[in-house]
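As structure tokens, the structure follows; a few thoughts come after it.
The values are calculated or read from the model by the stated rules, or taken from the named source; none is laboratory data. The structure presented is a predicted model; accordingly, all values stated were derived computationally and were not measured. Cβ placement follows ideal geometry from the backbone for every residue including glycine, while neighbour counts extend to all protein chains displayed. What goes into the accessible areas is simple: the full protein's heavy atoms, side chains included, and nothing from ligands, DNA or RNA. Shrake-Rupley method; radii C 1.70, N 1.55, O 1.52, S 1.80 Å.
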Amino acid sequence: MHISNIPVIAIDGPSASGKGTVAQRVATALGMHYLDSGALYRLLGLAAQRRGIALEAEDRLAELAGQVDIRFEGADIWLDGAQVGDELRTEEAGSAASKIAALPKVRAALLDKQRDFRRAPGLVADGRDMASVVFPDSVLKIFLTASAEARAERRFKQLKEKGMGANIAALLQDIQARDERDTQRSVAPLQQAQGASLLDTTPLNIEQAVQEVLSRYHALESK
Ligand code: DC
């Protein structure tokens with residue numbers, strides 16, 4: 001199949017909106033591949049910190065993006081030959097990812113790595129700029145969001161389930177700061193792309209959100 005005929009479903013949205021879980025389940029339901037693009041930014045941030053590279057050193061970080069060996073195997077993630085665990089999901093890793101994600105050369109260096117995930121029979125990709133920059137020819141573009149309060153509450157529950165300590169007020173503050181940085185940056189800011197349809201999951205549970213994406217996809221197929 002020619003690459004441009006491989007369908008992509010782009011699911012963009014702010015942090016802790018549940019888009020990762022929704023995208024993953026949609027991919028499973030459709031038998032498609034899945035790209036967690038945020039994990040690439042998180043992994044690069046982690047690799048930089050391990051090497052003592054400053055999170056503002058744009059050229060060195062872009063160079064590092066070309067050097068790191070990143071592998072996804074189901075739910076397992078490998079960085080330079082070693083498996084990465086929960087450290088990738090901490091607020092610290094998210095904040096480092098958000099900082100380096102504001103650098104244009106870093107974003108450019110990660111483009112091909114992301115596009116490599118487009119393989120038959122299809123791809124569900126989640127991030128911030130899947131619909132606008134990485135896969136502008138996506139067949140379905142969803143902007144998935146929820147109120148900051150709902151997202152803080154979901155993240156709180158998630159961390160508690162993992163036995164990690166959390167403070168809901170601090171989480172809310174963190175989410176708002178990250179939203180601000182992700183929306184205000186000059187390159188590929190977080191926004192609802194042209195042609196993307198809004199899915200506000202504040203009143204929905206995960207399963208309802210998954211069903212909504214699937215029904216929007218099937219509506220396309222029957223056209
Ligand atoms: O989705 P996430 O929380 O794992 O993403 C971590 C950070 O990476 C987020 O603050 C913004 C950035 N990011 C991005 O700029 N573009 C993407 N496609 C994915 C993530």
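Out of the residues in region 159-176 meeting the condition of being part of a helix (DSSP H, G or I) and in contact (Cβ under 8 Å) with a residue 24 or more places away in the chain, tell me which one is farthest from the ligand (Cβ to nearest atom). Reasoning before the result, please.
Within region 159-176, the first condition is being part of a helix (DSSP H, G or I), and the residues that meet it are 159-161, 168-176.
So of that shortlist, the ones also in contact (Cβ under 8 Å) with a residue 24 or more places away in the chain come out as 171-172, 174-176.
Numbers: 171: 13, 172: 15, 174: 10, 175: 10, 176: 12 Å.
Result: 172.
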* Asked: Out of all the residues in region 156-176, is one or more open to solvent by 20 Å² or more (accessible area, probe 1.4 Å) and in contact with a Pro (Cβ under 8 Å, 6 or more places away or on another chain)?
  -> no
Heads up, the helices (runs of 4 or more DSSP H) in region 1-86 (entirely inside) with at least 2 residues that are at negative phi and within 11 Å of the ligand (Cβ to nearest atom) are 19-30, 37-51
Do we have residue 185 as touching a residue at least 60 places away in the same chain (Cβ under 8 Å), within 12 Å of the ligand (Cβ to nearest atom) and more than 16 Å from the chain's Cα centre (by Cα) here?
yes
In region 140-158, anything assigned to a helix (DSSP H, G or I) and either touching a strand residue (DSSP E or B) at 6+ places or on another chain (Cβ under 7 Å) or not basic (Lys, Arg) (or both) is listed as 148, 149, 150, 152, 153, 156, 158
So, first residue free of Cβ contacts under 8 Å to residues at least 60 places away in the same chain in region 115-141, second residue open to solvent by 10 Å² or more (accessible area, probe 1.4 Å), Cβ within less than 6 Å, six or more apart or across chains; the pairs are 133/188
Checked pairs for region 1-25, first free of Cβ contacts under 8 Å to residues at least 12 places away in the same chain, second open to solvent by 10 Å² or more (accessible area, probe 1.4 Å) and assigned to a loop (DSSP other than H, G, I, E, B), C-beta under 9 Å and 6 or more apart or across chains, list as 5/120
Scanning region 167-223 residue by residue, those at pLDDT below 95 and basic (Lys, Arg) turn out to be 178, 181, 185, 223
Review point. On the given criteria, is residue 30 open to solvent by less than 20 Å² (accessible area, probe 1.4 Å), aliphatic (A, V, I, L, M) and in contact (Cβ under 8 Å) with a residue 40 or more places away in the chain?
Key: no
Residue set 221, 180; condition out of contact with any strand residue (DSSP E or B) (no Cβ under 6 Å at 6 or more places or on another chain) and either away from the ligand (no atom under 12 Å from the Cβ) or over 17 Å from residue 14 (Cα atoms) (or both); output residue 221
